[in-house]
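To start, the structure itself, in structure tokens.
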Amino acid sequence: MLKLMVAIRNFNTMFQTADKGDSRIWVQDGDPSQNSALAKSAMSQADWTQSKLSPRSPDLHPMGTLLPLASNKLKEQAVSQNITKDSFAQSKQRAVNTM
């Protein structure tokens with residue numbers, strides 16, 4: 001029972017820290033820790049709304065989607081501008097401008 005009370009308090013603290021006003025939406029991606037009996041019990045008592053995403057959702061892995069796009073743009077830019085070598089500062093500036 002003590003573990004459950006602590007888990008509920010942790011959920012409530014998380015929602016307060018998020019500072020989203022009255023919004024209490026928990027996005028669940030199927031992580032095993034979110035599916036334990038303790039977590040499910042705590043969540044059911046923490047007055048929240050559940051939103052499930054598939055484990056392979058691009059919403060969960062934005063860098064896995066963005067990095068290949070940025071990399072391809074930088075390669076295309078290097079080819080079109082005949083860039084064969086640039087300094088760290090130049091590479092950094094091109095990357096910042098690409099994003």
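Laboratory data are not the source of any read-out in this text; all were calculated from the coordinates shown. These numbers were taken from a predicted model, which means no experiment stands behind them. Quick reminder, even Gly has a Cβ in these numbers, built from the backbone with ideal geometry, and neighbours come from all protein chains shown.
List every residue pair whose Cβ atoms sit under 6 Å apart, with the two residues 6 or more apart in sequence or on different chains, where the first one lies in region 6-31 and is under 15 Å from THR49 (Cα atoms) and the second, anywhere, is in a helix (DSSP H, G or I).
Taking only residues 6 or more apart or on different chains, the pairs are ILE8/ALA42; ILE8/GLN45; PHE11/ALA42; ARG24/PHE15; GLN28/GLN34.
Which residues, counting only those in region 21-40, are closer than 16 Å to LEU4 by Cβ and surrounded by 10 or more Cβ atoms within 10 Å (Cβ to Cβ)?
If the condition is that a residue be closer than 16 Å to LEU4 by Cβ and surrounded by 10 or more Cβ atoms within 10 Å (Cβ to Cβ), then GLN34, ASN35, SER36, LEU38, ALA39, LYS40 are the ones that fit.
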